[in-house]
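Let me begin by presenting the structure, written as structure tokens, before commenting on it.
The values are calculated or read from the model by the stated rules, or taken from the named source; none is laboratory data. These numbers come from a predicted model, not from an experiment. All Cβ positions, even for glycine, are placed from backbone atoms using ideal geometry, and neighbour counts span all protein chains on display.
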């Protein structure tokens, strides 16, 4: 699994003009599920999401994690993160998990996150989503498990 994370001041996701998930300060995580991913990889990714130190401390050094700043976590499925872009001018999605498996593991990640942290929101799997965010920094990282 991989997640493109962005440190945000606020973020929200809409489906058909209704907000389905929103957070204030925290992390927006665009999540891609690949073939071979499993619950152990989802658990490892969640650990990274909750403990990755990307928030500034009193000296403005990236030493604080999501929990230390009491931030929100917005999880959004994005199968395009599993694309192979090394050859040609069109992405290949052959490494992406099949839709049913991607949905199962994404929902597993969301449920585990909600169990571990009270400030979790999510988009809707396979929906056409519009994401609004104010990137803080900007600070963006690609996490892989």
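Within the option set 81, 73, being buried (at least 16 other Cβ atoms within 10 Å of the Cβ), assigned to a strand (DSSP E or B) and touching a strand residue (DSSP E or B) at 6+ places or on another chain (Cβ under 7 Å) holds for one residue only, 73. Within the range 45-65, the set of residues being surrounded by 13 or more Cβ atoms within 10 Å (Cβ to Cβ), over 13 Å from the mean Cα position of the chain (by Cα) and within 30 Å of residue 95 (Cα to Cα) comprises 53, 54. Could you look through the range 1-33, keep only residues that are out of contact with any strand residue (DSSP E or B) (no Cβ under 6 Å at 6 or more places or on another chain) and under 15 Å from residue 105 (Cβ atoms), and pick out the one that is surrounded by the most Cβ atoms within 10 Å (Cβ to Cβ)? By that ranking, first place goes to 33.
The set of residues in the range 15-49 being touching a residue at least 12 places away in the same chain (Cβ under 8 Å), closer than 18 Å to residue 119 by Cα and part of a strand (DSSP E or B) consists of 20, 21, 22, 23, 26, 27, 28, 29, 30, 31. Taken over the range 92-118, the residue count meeting the criterion of being part of a loop (DSSP other than H, G, I, E, B) and surrounded by 15 or more Cβ atoms within 10 Å (Cβ to Cβ) is 2. Remark: residue 121 matches the filter, which requires a residue to be in contact with a strand residue (DSSP E or B) (Cβ under 6 Å, 6 or more places away or on another chain), under 12 Å from residue 74 (Cβ atoms), outside any helix (DSSP H, G or I) and modelled with pLDDT of 95 or more.
State whether the residues of the range 50-58 include one that is under 17 Å from residue 104 (Cβ atoms) and outside any strand (DSSP E or B). The answer is no, given that none of the residues of the range 50-58 is under 17 Å from residue 104 (Cβ atoms) and outside any strand (DSSP E or B).
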